[in-house]
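Below: the structure, in structure tokens.
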Amino acid sequence: MRRAARVDANHKQIVQGLRSSGCTVQDLSAVGKGCPDILVGRNGINMLIEIKTEKGKLTKRQIQWHQEWRGNAIIATTTQEAIEAINELLKTKEMPPMQ
């Protein structure tokens, strides 16, 4: 039986910050098996984000997941890091950046 998923201390703050910036956010933290914590959507683009604290480290499962994933996925410790990564992705798709 799987125990309750743990989330990092900054998880709620980052989710709220992304939502305030116009993103949709789906919490995936209960999925486990190395899957990132949240799925973020903005202007038709999706990105998976693993949330870590500044001192947080990826588990072996998370490392393996990121090595095998062929889509958009990052690791972020702050709302600003997440927004910057999404803006970079939006630039590659010739879409306006988030404010």
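Out of all the residues in segment 11-38, which are outside any helix (DSSP H, G or I), crowded, with 18+ Cβ neighbours inside 10 Å and aliphatic (A, V, I, L, M)?
Val25, Ile38
Listed residues Gly41, Gly56; which is part of a loop (DSSP other than H, G, I, E, B) and closer than 18 Å to His11 by Cβ?
That would be Gly56, the only listed residue that is part of a loop (DSSP other than H, G, I, E, B) and closer than 18 Å to His11 by Cβ.
Taking Arg42, is it within 14 Å of the chain's Cα centre (by Cα) and among the charged types (D, E, K, R)?
Yes, satisfied.
Going by what's in this entry, would Ile74 be described as surrounded by 12 or more Cβ atoms within 10 Å (Cβ to Cβ) and touching a helix residue (DSSP H, G or I) at 6+ places or on another chain (Cβ under 8 Å)?
For Ile74, the condition - surrounded by 12 or more Cβ atoms within 10 Å (Cβ to Cβ) and touching a helix residue (DSSP H, G or I) at 6+ places or on another chain (Cβ under 8 Å) - is met.
Only residues that are out of contact with any Gly (no Cβ under 6 Å at 6 or more places or on another chain), of a type in the set (D, E, K, R) and farther than 19 Å from Thr92 by Cβ: list them for segment 24-80, please.
Asp27, Lys33, Asp37, Glu50, Lys52, Glu54, Lys55, Lys57, Lys60, Glu68
When Leu89 is evaluated against the numbered criteria (1) outside any loop (DSSP other than H, G, I, E, B); (2) modelled with pLDDT of 95 or more; (3) among the hydrophobic types (A, V, I, L, M, F, W, C), which criterion, by number, is the only one it fails?
(2)
Which condition number in (1) open to solvent by less than 100 Å² (accessible area, probe 1.4 Å); (2) in a helix (DSSP H, G or I) is the one that Asn46 fails?
Result: Asn46 fails condition (2) only.
The values are calculated or read from the model by the stated rules, or taken from the named source; none is laboratory data. Everything quoted here is computed from the prediction, not taken from an experiment. Methodologically, a virtual Cβ is constructed for each residue, glycine included, from the backbone with ideal geometry; neighbour enumeration extends over all protein chains shown. Accessible surface areas use protein heavy atoms only, side chains included; no ligands, DNA or RNA. Shrake-Rupley method; radii C 1.70, N 1.55, O 1.52, S 1.80 Å.
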